[in-house]
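Taking it in order: structure first as C-alpha cells, then the write-up.
The values are calculated or read from the model by the stated rules, or taken from the named source; none is laboratory data. Just so it is clear, the model here is predicted, and its values are computed rather than measured. Because the Cβ atoms are built from the backbone with ideal geometry, glycine has one as well, and the counts that use them run over all protein chains shown. Heavy atoms of the whole protein, side chains included, go into the accessibility calculation; ligands, DNA and RNA do not. Shrake-Rupley method; radii C 1.70, N 1.55, O 1.52, S 1.80 Å.
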Amino acid sequence: MAGIKLRLDRYKLLEIFAPVAGFLASIVVLLIIVIVVGESPGEALTAIYKFSLSSSAKVATILSVSIPLFFAGIAVAFAFQSGVFNIGAEGQYYFGGLIGAMAGIYLHLPAFIHIPVVILFSMLGGALWALIPAILKVTKNVHEVITTIMFNSIALALVNYLVNGPLSGLGQGKSLEPQTAKIQSTALFGKLNGFFRLLGWNIPDYVYLDYSLIVAVITGFIVWFVLFRMRYGFEIRAIGTSLDVSRYAGMKVKQLQLAAFIISGALSGLIGLQEIFAIRGYYTYGIASGLGFDGIAIALIGKNSPLGVVFAALLFAFLKQAGYGLQFYTSVPNSVIYVITGLMILFIVVINEVVAAYIRTLRKKEAV
Amino acid sequence: MKKLGFVMILLLSVSFIFAGGTKEKSKTAGPKYKIGLVFDIGGRGDKSFNDSAHAGLVHIAKQYKGYIKDDPDNVNYGTVIEMKYLEPKAGGQDREQLLRVLAEQGYNLIYGIGFMFSDPLAKVAKDFPNVHFAIVDGYIPNLNANSNITCLLFKEHEGSFLVGAIAGLMNKGGKIGFIGGMDIPLIHKFEGGYIAGALYVNPKLRDESMILAQYIGKDPSAFKDAPAAYNIASNMYRQGATIIYHAAGASGDGLFQAAEEYKKLAIGVDSDQGLIYATAKDAATRARAKYILTSMLKRVDNAVFQTATELIENGKVNGGYNSFGLKENGVGFAVNKYNKDELAPILSKIESIRKKIIDGEIIVPDSDSKVKAWALKNLK
Amino acid sequence: MSETLLEMRKITKRFPGVLANDEISFDLLKGEVHALVGENGAGKTTLMKILYGLYSPDSGSIHIKGEKISIKNPKEAINCGIGMVHQHFMLVPPFTVLENIIIGEETQRFGILNEEKPAKKIRDLMERNGLIVDMYAKVEDIPVGIQQRVEILKILYRGAEILVFDEPTAVLTPQEAEELFKTFRQMTAQGKGIIFISHKLDEVLEIADRITVIRKGRVVKTLEGKEASKSLIAELMVGKPVLLEVERPDVSPGRVILEVRNLDLKDYRKVAVLNDVSFSVHAGEIYGIAGVEGNGQTELVAVIAEAAPMEHGDILLDGKSVANWDVRRRREAGISHIPEDRHRYGLLLPFSLAENLTLGMHHRKPFVNRFQIINRNKIQEHARRVISIFDIRTPSELTPALALSGGNQQKVIVARELSAEPKLLLAAQPTRGVDIGATEFIHNQLMEAKKDGRAILLVSADLDEVMSLSDRIGVMYKGRIIKEFAREETTKEEIGFYMMGEKEHGRN
C-alpha cells in the first residue's frame, strides 16, 4: 500500500475527531443508561472489555465478526460513491449466497478451483440480483430505493421457497432446520488460525478467521484501487458528486451508474461467504439477516472509503461483542446496544457534518 | 473552540461516572451447579416458546433453591443453582459464541432453545467435553448415552392429535381449520397430528372440504404476522369453520381476534394461551380469552426442568435423544378454570385417546402428507 | 436633503474563521441613492442581511432616523420601513400582480378579500413612481423587467422608506435599466433612500449620489458621486490599479470553425426555444450573443456543447457535422465549454483542483495510461502549470475546489477549458458573479485564445462585455438571431432595441 500517504494535517485530524467524538458521546449515553438500569458503569465497562479486548481470542472474534460487516459496508459504499442508493444488499447477498452455495453443492471441482468458483458465483448472483433494479433505474428512472426494497422481499421469499422446497436437503431424522444439502468439502473455507499462530498471534481454533478474510483484504484493496487510482473509479465518484458536472465533462453517466450498481451487487454477494462456506457448510434462509442495513450505517460512518469502512466494520463488530458482554455480565438488556448503535451513527454523522462545515470555512479562509 | 469545551465536559463526566458509580455486588460462596440457556430470537417475553423455557428455569430455581442471574423478575430461591440466559442476534456465529462463553465461564449444563442451535451446539460441545449441552427442537446425528449432547425433541403431533380430536368433537357440524406459521417441516407435524385427531373422532370431517389448512408464509416473519393470521382466519370462519387451531407463534393473536369477531372458537399453541389471555392486563386481550377453547401444550419447561433434574440428582446427564410425547408429559392440552366446564363432556373420551397413544395403540402421523396413508390404514 | 434615514455604526460580524464585517459604518440620507460596491466576498451581502434582520451583528448598532433599534427578523425590518429587492424575486408565479403585492397584508372582511382598497393604493403608488403594471395579470405571464416592478411595488406597499436593491440591473436590458433609474429618481424625490448594490460601475456612476467602497469587510472610502470615476472605484475595490478596457489584439479571422445551420429546438413542453438559428464563428474570432436572458442563449450553447435532440438543422465543427455526437466525442473534436451555471456544471467541488483541472480530459493520455490507471504525477504537474499560468490563488493543487473563492473557481474553469487547446470555446457568462480583478484576467485570457486562433462563442447578459470583446454580435430574441452586427457598426442603444424585439418586425 505504498500509495497511501498518511498526511496528518489538521484537516485529517479534524476528520478523525468526528467518529471518535461520536463514539465517546454514545459511550457516555450508554453509561447513563447503565446507571438508570441500576448497574455500575465501571462494571459495564469491565464487561465490555472482557468480551471484546480481554484476550487474543476475543480480539480475533471481533475481526472475524467484522468480515461480513466489511463486505456489507464496502458494497453499499461503492454504490454510494456513484450516487446510487443501493439498499438492496440484503436481497443481493441472499441470492448471491444461494448461487454460490449451489456452485459449492453441485459442481465437482478440486479445491483450488472450487473455492474461487464459489466466490465468483456468489458475486455473480449478487450482481444478477442488482441487475433489474439497475436497468430500471438507468432506463426508466425508477428509483432504486423502491426497487431494491422490493427485491429484498422477493429474494427472501424466493430463497425460503427454494430452501424449503426444490433445494431442500433435509432427509428424515435430520436437523429440523430447513437447509440445502451440504456443500462439498472442496468448496468449504479453511481457517487461517494456524497461520496467525505462526505469526505469533495466539488464537484458538474455534475463531472463524477463514479464507473470507483474505477475500475481504483483496476486495478492499481492489475497490480502493479502482475508486481512487483508476479512471473508471474517478468517473464513478464524479457521477456520485454531480451528475450534471459529469455529463458536462463527457462521462457516460448511464453506463457508469449501471456498472456501479452491478458491482455493488457483486460485492454484496460476498457478504454471505463466511457464514455459508466457513460457519455452516450449507445454505439456509437463516443466513444472517439485516447485514444489508448494517452496511448502510457502516458505509455512512466509513464515509464510503474502503479504509473508513474497515474501521466502521470493526467498530460495529466491537459494538456487537460489547452488547453480548453487557448481556452476559450485567442485567443491561441486549436491546440497549441497538439503541447505542443507532445513537452512535447519529452522533458520528452529525458531528461529521459539523466538522465538514467547519473545515470548509477554514479552507475558504485559507484560500482567500 | 466551543467544541473543545464540549469534549472536555464529556471527558469530565466520564471520569465522574467512574469515580462515583461503583457499587458492590454481594458475592457469596459459589453455587453447586451453573446452568446456562440461550434463547431463540424473540427471547424472553414472547409469551410462547422462549417463555416456556424460561418457566423451566423458574421451576428449577424453586425446586432446587436456585436463582436466575440478571433476571428482571428477580427469581431467587437460594444459591445452590445459578442460572443465566442470553439472547443472540440473527445469523452469523452469534449462537455459537454465546454457547461458548457460557461453557468458558464454567456452566455445567447449557441449553440451546430452537433448531437453529443444531450446528453451533454440536461444534461447541466438541470443544467442551466436560460440559453438557441440551437442545430443544434440534436434531444432531450420531449421539449416544455418553455424548455430552441431549436433543430434546417433542412429539407435537401427539398433542396436536388430542386438540384435533377436541376440535372434531366440538365442531357442531362445521368445518375445522389449521393455520401454520412458516411453511417448514416442523409445523407440518402440528398439522398432521391435528388432522388425524379430528378424522379419528369425526367421520364427517373426512370429506375433503371439511378441513381447511393454510400457511402464513415462507419466512420467519410468518411467526409474527398477526394481520395475515387474522385474514386467513376470517376467511376460514366465513367458509364455515367453527374451530381453528394455529401453530404460528405470535401470529396467533390474529386468529384470536378473528374468533372474537366471528364468535367462533380457536385453539392455541405451545403455552396455555387461554389462561394467558384471561389473565392479561389489557381488556381487549382478556375479551378474546373466552374464544380460546384450549391450547396444545408443548412443555418446553418440563423438558428443560427434567434435564436439569438429571444433572442435579445424578451429577450427570445422559446424552442422546429424549423424546417428549404424551407419555413423558412433554405435550398435552390445556385445561384450566376457564375452559374446564366447556370441555367436561368430552374429557373422558380425550383421556382414552391419550391412553391409546401412550400405549402405542394409536400411532400418530407426524406430517399432513402422511395422514392419508394413516387414515386408510387406521380408519374404517 | 440632509436628514439621516439610516445609520449603521461599527457593524462587526464574524463567521467561523472569517471576519465578514469589520466595524463597517454606513449611512443613508433622505432622498439619496447610496451605492455599495465591493468585490464578491467583501461583505456587502452580510451587511445587508444584518440590516434585513437575517443575521444579528456581533457588535455595532443600527439607527433609524436617529433612534437605535434592533432588528431580529425581516418582519421587524419591514416594520422599520426597510424593504429589499432581492436578486431572485420572491413572487408567486400563478398569482396576479395584485395578489402578489398584498400577500401577507391582505385586508379582509368576513373572510372575503377586499381588493378595492389595496387596488386604489397600488394604483396611486404606480403613478407616483412610474411603475406601471397590469394589476390583474399573472406574474408568470409578465416579463422579468416588469416582475421587478412588482417587487418594488410590494415593498412600497408595505411603506418602505429605505429600499435596498441587490444587483437589480442584472436581469434588465439597458432601456429597462434606464426606466428603473427613472423610478429611483421619482422615489428619492419623495424622500425615500435607496441603497444600490451593483457590479456595473457605469450604472453606479450614473445614479449614485454617494458611493461606499468596501473591501475585505472594511469600508475603504465613501465618495461623492461627482468626484468618483470608474478607475478610481475599481482601484479602491481591488486595492490596486485595474485596467478596465480590454486590449483587443488585431487578429484577422481564419477559416470557419463553427457553423450552425437552421437550428430548431423544442423544450420538453414542445415549446420552440430555438427557431431557425444560423450563424458561423471563424478561427480567431469572438462571436458575441447579446440578448435578455431566457431568449434561447442557454439552449443554444447547450445544443452545441452536448447532444440534444434537435428538431431540425445541423451543427458543423470544422466542416464536420457533430449533431449526433455525444459530449465526449465533441470535446475530443475540440469543443470546450465554460458553462453558464458554474455551480451546477463547472466543478466537482469536493474534488481537488488537480482533478478538476483535468475534468473532461481525464480519460486521455497522459492523465491515464493504457490500463486506465490514473497518472497522478502527470495530473498534478498539469495542475501546477495551469495554476501558475492562470494565476489561480490556491494553497496547493490538492486543495478541494470548494475551498476557492467564486472568482478563482471561475478561473479554474476557464483555465481548464482553455488548457484543452480547443478549436471552439463556448463561453457562457464567463464573468458572471466574478469580481473586477478576475474579470479583467478572464477577458485577457479570452483575447489570448483569440490570438491563438481559437473560435469563441461568447454569451453574456452583460451588454458591455459583449460589446467590448466581440468581433461580431448576434442579438437573440425569442429563440431567433434577429440581427447580426459587426462591432464597429453598432451602438449599445441600437442593440438594446433589438434585445427588446422592437425591431423584429422591421427586419422581416
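How much of the accessible area of region B:168-226, in percent, comes from carbon and sulfur atoms when a 1.4 Å probe is used?
After summing per-atom areas, the C and S share lands at 53 percent.
For the chain pair A and B, buried accessible area totals roughly 4500 Å², probe 1.4 Å, rounded to the nearest 100. Place a point 7 Å from Cα of residue C:4 in the direction of its Cβ. Which residues in region C:48-65 have their backbone N less than 12 Å from it? Correct set: C:61-65.
Beyond 19 Å in Cα-Cα separation lie the following of the pairs C:30/C:65; B:189/B:290; B:189/B:327; C:49/C:230; B:175/B:377: B:189/B:290; C:49/C:230; B:175/B:377. Taking only the C-alpha atoms of region B:307-355, the Rg (one decimal) and the largest Cα-Cα distance, Dmax (whole number), read 16.1, 45 Å.
The residues of region A:286-304 listed by number as losing at least 20 Å² of accessible area in the complex, against the isolated chain and with a 1.4 Å probe, are A:286, A:288, A:289.
Karplus-derived 3J(HN,Hα) values for region B:344-359, using 6.51 cos²θ - 1.76 cosθ + 1.60 with θ = phi - 60°, are 3, x, 10, 4, 5, 5, 5, 4, 5, 5, 4, 4, 4, 5, 4, 7 Hz; glycine and proline are entered as x. Database remark: amide H of residue B:149 closer than 5 angstrom to the amide H of B:133, B:320 (H placed geometrically; neighbours at sequence offset of 5 or more, or on other chains; Pro and chain starts carry no H).
Distance distribution note for region B:193-342: the fraction of Cα pairs above 22 angstrom is 48%. Most simply put, chain C has about 60% antiparallel DSSP beta bridges, counting only bridges with both residues inside it. Just to be sure I understand: with springs between alpha-carbon atoms less than 10 Å apart, which residue in A:122, A:26, A:40 has the highest mean-square fluctuation in the Gaussian network model of chain A? Highest fluctuation of the listed residues: A:40. If you put +1 on each Lys and Arg Cβ and -1 on each Asp and Glu Cβ, how big is the dipole of the protein assembly as shown around its Cα centre, in Debye rounded to 20? Dipole of the protein assembly as shown, to the nearest 20 debye: 3060 debye. Each stretch of four or more DSSP H residues adds -39500 (n - 2.57); spread over every residue of chain A, this sum gives -24000 deg cm²/dmol at 222 nm.
Antiparallel beta bridges, as assigned by DSSP with both residues in the protein assembly as shown, represent about 40 percent of the total such bridges. Projecting the Cα positions of C:307, C:220, A:129 onto the charge dipole of the protein assembly as shown (unit charges on Cβ atoms of Lys, Arg, Asp and Glu, taken about the Cα centre) puts A:129 furthest along the positive direction. Taking 12 Å as the straight-line reach from the Cα of residue C:423, the aspartates and glutamates in range (excluding those fewer than 8 positions away in the same chain) are C:285, C:318, C:332, C:452. Dimensions of chain C from C-alpha coordinates, computed as largest minus smallest value along each principal axis and given longest first, are 72, 54, 46 Å.
In the structure displayed, which of A:191/B:224; C:117/C:138; B:298/B:349; A:50/A:182; B:89/B:316; C:121/C:478 lie more than 29 Å apart, Cα to Cα?
Those over the limit are A:191/B:224; A:50/A:182; B:89/B:316; C:121/C:478.
Summed over the residues of chain C and divided among them, the accessible surface reaches 44 Å² per residue at a probe radius of 1.4 Å. Interface burial in region C:339-384, defined as at least 30 Å² less accessible area with all protein chains than with the chain alone at a 1.4 Å probe, covers C:344, C:345, C:348, C:351, C:355, C:359, C:362, C:372, C:373, C:374, C:376. Rounded to the nearest percent, how much of the accessible area of region C:334-411 (1.4 Å probe, protein heavy atoms only) is carbon and sulfur? Roughly 51 percent of what the probe reaches on region C:334-411 is carbon or sulfur. Within 10 Å of the Cβ of each residue in A:248-256, the mean number of Cβ atoms contributed by other protein chains is 6. Shown for region C:300-314: residues covered by the partner protein chains by 10 Å² or more of accessible area relative to the chain by itself (probe radius 1.4 Å), namely C:306.
Simple rule: put +1 on each Lys or Arg Cβ and -1 on each Asp or Glu Cβ in chain B, find the dipole, and look at B:55, B:174, B:124; the Cα lying farthest toward the positive end is B:174. Taking Lys and Arg as +1 and Asp and Glu as -1, the other residues whose beta-carbon sits under 14 Å from that of residue C:237 total +4. Placing unit charges on the Cβ atoms only, positive for Lys and Arg and negative for Asp and Glu, gives region A:66-303 a dipole magnitude near 480 debye about its Cα centre. As an equivalent ellipsoid, the protein assembly as shown spans semi-axes of 75, 35, 33 angstrom, where each value is the square root of five times an eigenvalue of the C-alpha gyration tensor, largest first.
With helices as the sole contributors, chain B gives -14000 deg cm²/dmol at 222 nm; each DSSP H run of n ≥ 4 counts as -39500 (n - 2.57), and the sum is divided by every residue. Shown for region C:164-317: the carbon plus sulfur share of the solvent-accessible area, taken with all protein chains present and a 1.4 angstrom probe, equals 48%. In order along region C:360-369, the Karplus-derived 3J(HN,Hα) couplings, from 6.51 cos²θ - 1.76 cosθ + 1.60 at θ = phi - 60°, round to x, 10, 5, 8, 9, 5, x, 6, 10, 8 Hz, and Gly and Pro are given as x.
Distant-in-sequence amide contacts of residue C:337, defined by a placed amide H-H separation under 5 Å and a gap of 5 or more residues or a different chain, comprise C:426. Peptide packing for B:67-73, B:117-123 was compared via the average number of neighbouring C-beta atoms within 10 Å per residue; ordered from the highest value, the list is B:117-123, B:67-73. Along Cα→Cβ, 7 Å out, is where each label goes; now give me the distance between the ones at residue A:29 and residue B:342 in nm to one decimal. Simple spin-label model gives 4.7 nm for this pair. Projecting the Cα atoms of A:343, B:267, B:232 onto the dipole axis of the protein assembly as shown, where Lys and Arg carry +1 and Asp and Glu carry -1 at the beta carbon, places B:267 farthest toward the positive end. Using a 1.4 angstrom probe on protein heavy atoms only, the contact between C and A buries about 3100 square angstrom of accessible area, both sides summed. Could you work out the Kirkwood radius for region C:279-346, taking every pair of different alpha carbons, averaging 1/r and inverting it, reported in Å? Evaluated over region C:279-346, this radius sits at 13.2 Å. Ligands, DNA and RNA are left out, and with a 1.4 angstrom probe the accessible area of chain A is 38 Å² per residue.
Note on residue B:323 and residue A:15: with the Förster distance fixed at 45 Å, the Cβ-Cβ geometry gives a FRET efficiency of about 0.15. Pairs of C-alpha atoms in region A:179-307 farther apart than 24 Å represent 45 percent of all such pairs.
Taking all pairs of different Cα atoms in region A:241-368, averaging 1/r and flipping that mean, what Kirkwood radius in angstroms comes out? Final number for the Kirkwood radius of region A:241-368 is 18.1 Å.
If R0 is 56 Å, the Cβ-Cβ spacing of residue A:50 and residue B:355 corresponds to a FRET efficiency of close to 0.55.
Placing +1 on the Cβ of every Lys and Arg and -1 on the Cβ of every Asp and Glu, with no other charges, gives region C:256-411 a dipole of roughly 820 debye about its Cα centre. For region C:162-173, the Karplus equation 6.51 cos²θ - 1.76 cosθ + 1.60, evaluated at θ = phi - 60°, returns couplings of 10, 10, 9, 10, 9, 6, x, 8, 4, 9, 10, 6 Hz by residue, with Gly and Pro reported as x. Building the convex hull from the alpha-carbon atoms of chain B and averaging its projection over directions returns 24.0 nm². The ratio of the alpha-carbon radius of gyration of region A:66-303 to the globular-protein estimate 2.2 N^0.38 Å is 1.04. With helices as the sole contributors, chain C gives -9500 deg cm²/dmol at 222 nm; each DSSP H run of n ≥ 4 counts as -39500 (n - 2.57), and the sum is divided by every residue. Exposed loop sites here are trypsin sites (Lys or Arg not before Pro) assigned a DSSP state other than H, G, I, E or B and surrounded by at most 11 other beta carbons within 10 Å; excluding them, the longest clear run of chain A is A:8-368.
A Stokes-Einstein calculation at 4 °C with viscosity 1.567 mPa s, built on the Kirkwood radius of region A:87-220 over Cα pairs, returns a diffusion coefficient of 77 µm²/s. For residue B:247, nonlocal amide neighbours, meaning residues 5 or more places apart or on other chains whose placed amide H falls under 5 Å from its own, are B:179, B:180, B:181.
When a/c is below 1.5 the answer is rounded, else prolate if a/b is larger than b/c, else oblate, so apply that to region C:405-493 with a ≥ b ≥ c taken from the square roots of the Cα gyration tensor eigenvalues.
It is prolate, given that a/c is not under 1.5 and a/b is the larger ratio.
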